[in-house]
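Colleague: Take a look at this one; I'll ask things after.
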Amino acid sequence: MASRHPMPAADAAWLHMDRPTNPMVVNGLVTLGEAPAVETVSRVIEERLLARYPRFRQRVVDRLGRTPAFEDDPFFDLANHLHRLALPAPGDRAALEALVGDLITPPLGPCRP
């Protein structure tokens, strides 16, 4: 069984305010001068985020009648969360904005970190 960690009240409030018409998700975009190697991106995320902040390897457990919690995902694999995509032509800012809009529109899977 995965290890459970009680969810702080502020996180639980955000979780319970989440609705299809008002997703409680914060998105960000970083642009770089050139594309780094996938291995480099993976290593930096592993070292600077995952190793320092275990929360990124956890999923939400929210069962009725119980306090929501974070649970370690025993099958976590960073490769499932990294995707390399090319912008469609003409590859300009409008194409980037359209791609990001498409990527952030679907709700996040509640069973995944």
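Colleague: Might you report the magnitude of the Cβ-based charge dipole of the chain about its Cα centre, with Lys and Arg at +1 and Asp and Glu at -1, to the nearest 20 debye?
Modeller: Dipole about the Cα centre, nearest 20: 360 debye.
Colleague: Per DSSP helix of 4 or more residues, -39500 (n - 2.57); summed, then divided by the residues of the chain. What does that give at 222 nm, rounded to the nearest 500?
Modeller: -7500 deg cm²/dmol
Colleague: So with the 1.4 Å probe, I'd like the accessible area per residue for the chain, rounded to whole Å².
Modeller: That works out to 80 Å² per residue.
Colleague: Turning to a different aspect of this structure: Could you look at the chain and say what percent of its accessible area is carbon and sulfur, using a 1.4 Å probe and all protein chains?
Modeller: Using a 1.4 Å probe with all protein chains present, the chain comes out at 59 percent carbon and sulfur.
Colleague: Could you work out Rg/(2.2 N^0.38 Å) for the chain, with Rg from alpha carbons only?
Modeller: Expressed relative to 2.2 N^0.38 Å, the Cα Rg reads 1.25.
Colleague: Can I ask one more? Can you pull out the trypsin sites (Lys or Arg not before Pro) in region 1-101 that DSSP calls coil and that have at most 16 other Cβ atoms within 10 Å?
Modeller: When the trypsin sites (Lys or Arg not before Pro) of region 1-101 are filtered for loop state and at most 16 Cβ neighbours within 10 Å, Arg52, Arg63, Arg66, Arg84 remain.
Colleague: While we're on this one: Toward the positive end of the charge dipole of the chain, about the Cα centre and with charges on Cβ (Lys, Arg +1; Asp, Glu -1), which of Thr40, Ala51, Pro68 goes farthest?
Modeller: The residue sitting farthest along the positive end of the dipole is Pro68.
The values are calculated or read from the model by the stated rules, or taken from the named source; none is laboratory data. Since the structure is predicted, the reported quantities are computational estimates derived from the model, not experimental observations. Neighbour counts are summed over all protein chains in view; Cβ atoms, including those assigned to glycine, are modelled from backbone coordinates with ideal geometry. In case anyone asks, the SASA skips ligands and DNA or RNA and just uses the protein heavy atoms, side chains included. Shrake-Rupley method; radii C 1.70, N 1.55, O 1.52, S 1.80 Å.
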